[in-house]
1. Work out the length of the dipole vector of region 55-145 about its Cα centre, built from +1 on the beta-carbon of each Lys and Arg and -1 on the beta-carbon of each Asp and Glu, and round it to the nearest 20 debye.
2. At 222 nm, what helix-only mean residue ellipticity would the chain give, in deg cm²/dmol to the nearest 500, using -39500 (n - 2.57) for each DSSP H run of four or more?
3. For region 49-145, which GluC sites (Glu not before Pro) pass both filters: DSSP loop (anything but H, G, I, E, B) and at most 11 other C-beta atoms within 10 Å?
4. Going toward the positive end of the dipole of region 24-74, with +1 on Lys and Arg Cβ and -1 on Asp and Glu Cβ, which of Gly24, Gly36, Ala54 do you reach last?
5. Which whole-angstrom value gives the distance between the alpha carbon centres of region 29-47 and region 54-98?
Amino acid sequence: MSAEAILQRMRRAMLLIIIGICVGTFLELVLTEHTGEPAQFIPFVLSVLGALTAGAVWFRPQRRTIRWLRIVMFLTIAGSLFGLIEHFKHNLEYELEIDATLQFADAILPALMGANPALAPGILFLGGVLGILATWQHPALKAEQ
């Protein structure tokens, strides 16, 4: 098998993983009723857009679909970082509310272990990185210049 064929299989595998991450994240958000405030709908939107654009690249790996996937993946990374900050911030506020004498440095670990899973939004970050890697130096980007 040629190196190009192997690379194409790897790209397609990464696209499937992205779709799996997005669908799994969407389902988890539904099951955990992640709908308390407007900002909680961001990962729903990013998951749907991520799955749709990864699917578009799977079926039509053209310059336009690849660029859209990249845009969505950068937005997904940004949204994931926002989610990480929000989860940590809410946990930290809760810890400081429970014990007003707690110093910031002493509240960090409990905030990471709080009710809002502090690292859960990171899965979309990984999906975003995979999307960018899957399109890195994609031949469709060079062919249509």
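What follows draws every value from the coordinates through simple rules; no lab data is involved. Source: prediction; values computed, not measured. Every residue, glycine among them, receives a Cβ derived from its backbone with ideal geometry; neighbour counts consider all protein chains shown.
1. 1080
2. Theoretical 222 nm ellipticity from helices: -26000 deg cm²/dmol.
3. Glu144
4. Farthest towards the positive end: Ala54.
5. Using only Cα atoms to place each centre, the spacing works out to 12 Å.
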